Amino acid sequence: MRIFKFGGASVKDAEGVRNLVRVLEETGTEKTFLVVSAMGKTTNAMEAVVDAYFNDKPSVSSALEAVQTYHFGILRELFPPEGHPVHEKVRSLFEEVRGFLAWNKSPKYNFVYDQVVGYGELLSTVIVSAYLNDSGIRCSWLDIRNYIKTDSNYRDVSVIWEKTQSAVSELSNRSELFVTQGFLGSDENNFTTTLGREGSDYTAAIIAYCLNAESVTIWKDVPGVLNADPRYFEETRLLELISYREAIELAFYGAKVLHPKTIRPCVENNIPLRIKNTFNPTHDGTVIVPDNGNGNG
Ligand code: ADP
Ligand code: ASP
Ligand code: MG
């Protein structure tokens with residue numbers, strides 16, 4: 001099994017979603033599992049909704065409207081304007097958030113945050129999976145909250161490995177292409193939880209660990225892990241091969257290219273981790289492997 005994770009930057013607009021189809025046409029989809037983040041900066045936009053809810057209630061609806069307009073714009077470019085079931089699915093997700101905010105009685109910021117912000121990934125995966133099916137790549141939308149079980153330390157939960165392992169293992173004897181949400185889990189009362197910002201990489205690693213996958217590929221808008229952040233440095237160099245240990249050090253010193261928790265589950269099962277460019281899928285990118293090949297990374 002290969003786990004592919006597509007980040008927000010790779011699906012930030014209709015062109016990104018079309019490009020994802022091209023990547024899959026290039027790589028094939030056999031024994032592949034897709035983890036997708038919220039589109040573009042949706043998580044930040046949903047955080048603004050939560051802030052409005054706690055600090056300035058009247059502005060909640062315009063904050064949510066902005067998220068809706070953005071997603072409706074993408075829908076318009078990808079699907080016929082009427083008659084396609086994706087429109088109703090997306091509309092009902094927005095209805096759910098509005099309903100939650102209208103009825104919620106909890107004053108707990110972190111709890112509300114997880115219930116609301118998680119819709120970013122629900123929206124992106126509904127759209128991506130519908131578009132894949134329309135493009136002839138058969139896939140099944142999977143609600144990862146039924147599989148990744150966590151404690152209730154909202155916004156920074158810990159995975160309950162035993163429960164997660166047994167739930168995810170059930171998927172190993174199914175052969176379809178799954179499209180699921182990064183970043184999300186659920187607690188023992190089935191409330192949505194989130195794994196921490198940028199946590200979709202971690203989701204891919206959790207699934208990989210539980211399925212004992214052969215590899216994890218994190219698809220990005222950069223050629224791979226670079227020796228410096230290209231947003232701040234003009235001359236960067238691609239690191240083609242690094243060890244788990246080097247990757248941990250990079251993450252530790254703040255390289256915002258891989259969520260630090262991603263490495264451990266891969267180390268445990270010796271699963272190579274690749275960072276590749278969504279816009280240049282045949283290029284090798286970076287591969288992160290055990291130190292000295294002995295798995296002691
Ligand atoms: P996504 O969520 O789509 O995976 P992010 O925007 O979170 O994408 O991460 C990709 C960005 O990480 C790149 O566009 C790049 O600017 C930044 N980045 C920071 N440090 C590095 C690095 N060492 N190598 C590559 N990219 C880096
Ligand atoms: N969408 C979440 C975030 O932006 C998780 C992720 O993209 O990894 O933090
Ligand atoms: Mg990101």
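Coordinate-derived values only; no laboratory data. None of the values given here were measured: they were computed from a predicted structure. Quick reminder, even Gly has a Cβ in these numbers, built from the backbone with ideal geometry, and neighbours come from all protein chains shown.
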Return the distance in nm (one decimal) between the two label points of a simple spin-label model at ALA66 and ASP13, each offset 7 Å from Cα along Cα→Cβ.
1.9
Chymotrypsin sites (Phe, Trp or Tyr not before Pro) within region 127-190: which are DSSP loop residues with at most 14 other Cβ atoms inside 10 Å?
none
Region 167-253: Rg to Rh, with Rh as the Kirkwood radius over Cα pairs:
1.03
Just tell me which aspartates and glutamates come within less than 18 Å, Cα to Cα, of LYS31; anything on the same chain fewer than 8 places away is out.
GLU170, GLU176, GLU214
Under unit Cβ charges (Lys, Arg +1; Asp, Glu -1), what dipole magnitude, rounded to 20 debye, does the chain have relative to its Cα centre?
220
Listing SER175, SER140 from the residue with the fewest other Cβ atoms within 10 Å to the one with the most, what is the order?
SER175, SER140
How long is the gain from ASP51 to GLU234 if the chain were fully straight, where each residue apart is worth 0.36 nm and the alpha carbon distance is subtracted?
62.4 nm
Which of the trypsin sites (Lys or Arg not before Pro) found in region 197-270 are in a DSSP loop and have at most 16 neighbouring Cβ atoms, other than their own, within 10 Å?
ARG197, ARG231, ARG237, LYS256
What is the spin-label model distance, in nm, from SER172 to ASN189 if the labels are put 7 Å beyond Cα along the C-beta direction?
3.3
Using all Cα-Cα distances in the chain, what percent lands in each 10 angstrom bin from 0 up to the longest?
6, 28, 35, 23, 6, 0
Within region 261-281, find all residues whose amide N lies under 20 Å from a label point positioned 7 Å from the Cα of TRP161 along Cα-to-beta-carbon.
261-273
If I histogram all Cα-Cα distances within region 105-234 using bins 5 Å wide from 0, what percent of pairs lands in each bin?
2, 10, 17, 20, 18, 15, 10, 6, 2, 0
Compute the distance in nm between two label points, each set 7 Å from the Cα along the Cα-to-Cβ direction, one at SER106 and one at ARG138.
3.9
Summing -39500 (n - 2.57) over every DSSP H run of at least 4 in the chain, dividing by its residue total and rounding to the nearest 500, the 222 nm mean residue ellipticity is -13500 deg cm²/dmol
